[in-house]
Structures are given as structure tokens and as C-alpha cells.
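*Asks:* For reference, the structure I am asking about is given below.
The values are calculated or read from the model by the stated rules, or taken from the named source; none is laboratory data. Not measured: the values here are computed from a predicted model. As a convention, Cβ positions derive from the backbone with ideal geometry for all residues, glycine included, and neighbour counts pool all protein chains shown. To get the accessible areas, we keep the full protein, side chains included, count just its heavy atoms, and leave off ligands, DNA and RNA. Shrake-Rupley method; radii C 1.70, N 1.55, O 1.52, S 1.80 Å.
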Amino acid sequence: MTINPLQMEHLFLFRSQVHELKMRQMVEEITLGRHTIESAMAKYQVLTRKTVTQWLERVQQEELVRTQAMEESAPKPAATLVERVAQTADTLAGRVKQLEKELEQAELQVLYYKTVIRVAEQELGVSLEKKSGTK
């Protein structure tokens, strides 16, 4: 009986899946305390302790990544009333500072224009400012 390349690939994939399943089962039994590393090595016919520790680390790392992904996708709790008030106060304080800066700029502009008008009036000898009560 001849095995074609596609059958070989399927056989290889099947064997690697069986191996991974066996290793994950071993890690679970160690993690749950059903086996020590040494007893698991004997049961699953693993030759080196390093192989077991690598699998333990791999599974732990996968679990950590999965947990982080779940935490990131979990809905965030709504802000409390105090937090919302604090955020609003911060926003308003920033807006007040911005408006104070704009007011200072406007006051400087007014002072500049008044000075320009006064100098022009002095040099030309003509009153440029509108008199109150006239139209």
C-alpha cells in the first residue's frame, strides 16, 4: 500500500494534533495538582523536564494573553457621579483659562488701537474718536 503526499500531510497533522492534545492534558493535570512534573513525565512518556516546563510556560502565556484580551474587550463600568463632576470641572477650568487668555489678547488689541488713534490725533490734529451723544 502506497501513501500519497496528501495522506502523508494529513497523517503528520493528525500526529501533531494528538501530541499537542497530550501535552495540554499533561499541563492541565499538573496545574490542577493531579500530578507532579515527575509523575506526569512518567505517565505521558516525556523524557526531559525541560519539555514539560516549556509546555507549562507556553500554556500560561496563552492564558495570560487570553485574559488580557477578555479584559480589554469587557465593557468599562460607567463613570461615577463624582468622576463625571471632576471631569466636567477639569474641562470647565481649561475653558476658563482659554477664555482668560483670549480676553487678555483682546484687551491688548484695544490698548494698541487706542494708542494708534491717540498718536494719529496728535500728529494730524484731528479728533478721530466718536463723541458720545452724536450720531
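*Asks:* Working from Cα positions, state the angle (0 to 90°, nearest 10) between the long axis of helix 5-31 and the longest principal axis of the chain.
*Replies:* 80
*Asks:* Further question: Given the rule -39500 (n - 2.57) for each run of at least 4 DSSP H residues, summed and divided by the residues of the chain, what is its mean residue ellipticity at 222 nm, to the nearest 500 deg cm²/dmol? Intermediate results must be reported in sequence, preceding the final value.
*Replies:* Working: 4 runs with 104 residues, N = 135.
Taking each H run of at least 4 residues, the total per residue is -27500 deg cm²/dmol.
*Asks:* So, with a 1.4 angstrom probe, what is the percent of accessible area on the stretch 37-135 that is carbon and sulfur? Write down the numbers at each step before the final one.
*Replies:* On the way: 5240 of 8870 Å².
Looking at the stretch 37-135 in its full context, I get 59 percent from C and S.
*Asks:* On to the next question. Could you check the simple spin-label distance between L11 and V126, using points 7 Å along Cα→Cβ, in nm with one decimal?
*Replies:* 10.8
*Asks:* Then there is this: To test your reading of the geometry: what angle, between 0 and 90 degrees and rounded to tens, separates the Cα axis of helix 81-124 from the longest principal axis of the chain?
*Replies:* 30
*Asks:* Regarding the stretch 34-111, what's the average projected area of the Cα-atom convex hull, expressed in nm²? Numbers along the way, then the final one.
*Replies:* Values: hull surface 44.6 nm².
Across all orientations, the stretch 34-111 yields a mean hull projection of 11.1 nm².
*Asks:* Å³ per residue of the Cα convex hull, for the stretch 1-75?
*Replies:* On the way: hull volume 10.2 nm³, N = 75.
Taking the convex hull of the Cα positions in the stretch 1-75, it is 136 Å³ per residue.
*Asks:* Here is a follow-up. Lys/Arg Cβ at +1, Asp/Glu Cβ at -1, dipole of the stretch 57-135 taken about the Cα centre: which of L64, A86, Q98 is farthest positive-ward?
*Replies:* In the stretch 57-135, that residue is Q98.
*Asks:* Now for a separate question. Match the structure shown to one of the listed values (i) 21, 18, 16; (ii) 84, 23, 14; (iii) 21, 19, 13 of semi-axes √(5λ) of the Cα gyration tensor in Å, computed from it, and give that label.
*Replies:* Evaluating semi-axes √(5λ) of the Cα gyration tensor in Å on these atoms matches (ii).
*Asks:* Note the full-extension length gain between L81 and E29 as 0.36 nm times their separation in residues minus their Cα-Cα distance, in nm to one decimal.
*Replies:* Numbers: separation 52, 0.36 × 52 = 18.72 nm, distance 4.70 nm.
Answer, rounded to one decimal: 14.0 nm.
*Asks:* Here is a follow-up. In a shell of Cβ-Cβ distance under 13 Å around Y112, excluding Y112 itself, what net charge do Lys and Arg (+1) and Asp and Glu (-1) give? Could you put the intermediate results ahead of the total?
*Replies:* Numbers: positive: K114, R118; negative: E104, E107.
The answer is 0.
*Asks:* Express the relative contact order of the chain as a whole percentage, based on alpha carbon pairs under 8 Å and six or more residues apart in sequence. Before the final figure, lay out the partial values.
*Replies:* Values: 28 pairs, mean separation 15.1, N = 135.
Rounded, it is 11 percent for the chain.
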